[in-house]
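Participant: Before we start, here is the structure in question, set down as structure tokens.
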Amino acid sequence: MKRKGASVRRAAKAGSWYSEEEALLRSELDSWLAAANTSSSPNLKALIAPHAGYSYSGPTAAYAYKGIDPSKVKRIFLLGPSHYLSSDTCLLSRMDEYETPLGNIKLDRLVIDELAKAKEFDVLDQEDEEQEHSLELHLPYIYRMMEGQDFLLVPIMVGHMDNKALSTFGKILSKYFEQPETLFIISTDFCHWGSSCGEIWQSIEELDSKGMKAIETLSTENFLSYLKQYKNTICGRHCVALLLETIAQSSVKAGVRFVHYAQSSRCKKKNDSSVSYVSGLIEEKQSEKS
């Protein structure tokens, strides 16, 4: 992957989607983490958390991030959907660091370049990378939870992939998922209800609950069948499906726990709008280790 020296992705959404002031942002993160009743898990392999503006999804995300034991993590794979760039594959960053108001996060260039050699990934332009919010909204939480620890980040933007691509990328990522001290973070919101999202005949919470139950089976097929049947507007559905396929193609025996659920507002009329947020933890089953 050709690059022109060291480069930094700027925190493009700071000051709008979340605070650009270090002290205020740190205070907000700490208050949300303190309010979350999740305990850190030494067997954590992945987490699912939302990516909306912090005034909406910040408190929910804390429940997932509270599950991290920083001493057990050296590398983080961050998978987020593409809301603006049309793609049917996965895309890698050409950056060296990601900026946050708390400090910069270093990217794992060795692993990113290794992934690029598979010839399956595309590479993001800086403009497209900075326009997308699904990865950036996780960075302050990652920095805060890992502060003082040596770790590297592998961000991947996930496009709208078919089943063949899911299988291909699941196989590529499975070897990294198996590695100790590696954590996968899946960026997704759940149901989007509003005039631009089409009519949803079932209650939002029930619809999302069925989706969480499908994910808990750790079956890519079950989750895709759920999406086909209910057409839930889970924006990071391809990221979730890729995680499930990655787990399936790895040797890791895992289980899923959803630890928090919230909605941005409670819709009482058809024309109301809301977005759902969940926090989930994927843990390696201790008793089934070889």
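The values are calculated or read from the model by the stated rules, or taken from the named source; none is laboratory data. No experiment lies behind these values; they were computed from the predicted model shown. Note that we place each Cβ from the backbone using ideal geometry, even for glycine, and neighbour counts take in every protein chain shown. The accessibility values were calculated without ligands, DNA or RNA, using every heavy atom of the protein model including side chains. Shrake-Rupley method; radii C 1.70, N 1.55, O 1.52, S 1.80 Å.
Participant: When only residues in the stretch 146-172 that are closer than 12 Å to ILE76 by Cα and aliphatic (A, V, I, L, M) count, which is surrounded by the fewest Cβ atoms within 10 Å (Cβ to Cβ)?
Facilitator: Selected residue: LEU152.
Participant: Sort out which residues of the stretch 51-78 are within 14 Å of the chain's Cα centre (by Cα) and either of a type in the set (D, E, K, R) or more than 16 Å from ILE282 (Cβ to Cβ) (or both), and write them in order of number.
Facilitator: Result: HIS51, ALA52, SER57, GLY58, THR60, ALA62.
Participant: Going residue by residue through the stretch 23-31, is there one that turns out to be in contact with a Leu (Cβ under 8 Å, 6 or more places away or on another chain) and closer than 25 Å to GLU97 by Cα?
Facilitator: yes
Participant: Quick check on my filter: what residues within the stretch 35-52 are touching a Lys or Arg at 6+ places or on another chain (Cβ under 9 Å) and of a type in the set (A, V, I, L, M, F, W, C)?
Facilitator: Matches in the stretch 35-52: ALA36, LEU44.
Participant: Another one. Restricting attention to the stretch 248-263, which residues are over 9 Å from GLY280 (Cβ atoms) and at pLDDT 95 or above?
Facilitator: Selection gives ALA248, GLN249, SER250, SER251, VAL252, LYS253, ALA254, GLY255, TYR261.
Participant: Out of all the residues in the stretch 224-234, which are surrounded by 14 or more Cβ atoms within 10 Å (Cβ to Cβ) and either modelled with pLDDT of 95 or more or outside any loop (DSSP other than H, G, I, E, B) (or both)?
Facilitator: LEU224, TYR226, LEU227, TYR230, listed by residue number.
Matching residues to (1) aromatic (Phe, Trp, Tyr); (2) touching a helix residue (DSSP H, G or I) at 6+ places or on another chain (Cβ under 6 Å); (3) farther than 22 Å from ALA241 by Cα:
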residue	(1), (2), (3)
TYR84	yes, yes, no
LEU92	no, yes, no
MET95	no, no, yes
TYR98	yes, yes, yes
LYS106	no, no, yes
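Participant: Shifting gears a bit: Taking only the stretch 264-285 into account, find how many residues are closer than 21 Å to PHE184 by Cα and of a type outside the set (Gly, Ala, Ser).
Facilitator: Here the count works out to 7.
Participant: Moving on to the next point. Which of the residues belonging to the stretch 254-290 are in contact with a Ser or Thr (Cβ under 9 Å, 6 or more places away or on another chain), not in a strand (DSSP E or B) and not hydrophobic (A, V, I, L, M, F, W, C)?
Facilitator: If the condition is that a residue be in contact with a Ser or Thr (Cβ under 9 Å, 6 or more places away or on another chain), not in a strand (DSSP E or B) and not hydrophobic (A, V, I, L, M, F, W, C), then SER264, SER265, ARG266, LYS270, ASN271, ASP272, SER273, SER290 are the ones that fit.
Participant: Quick test for you: out of GLU245, GLU206, GLU181, GLU221, pick the one residue that is open to solvent by 70 Å² or more (accessible area, probe 1.4 Å) and within 18 Å of the chain's Cα centre (by Cα).
Facilitator: GLU181
Participant: For the stretch 260-280, name all the residues that are free of Cβ contacts under 8 Å to residues at least 24 places away in the same chain and either in contact with a helix residue (DSSP H, G or I) (Cβ under 7 Å, 6 or more places away or on another chain) or open to solvent by less than 50 Å² (accessible area, probe 1.4 Å) (or both).
Facilitator: Passing the criteria: only SER265.
Participant: Name every residue in the stretch 25-42 that is open to solvent by 40 Å² or more (accessible area, probe 1.4 Å) and assigned to a helix (DSSP H, G or I), in order of residue number.
Facilitator: Within the stretch 25-42, ARG26, SER27, GLU28, ASP30, SER31, TRP32, ALA34, ALA35 qualify.
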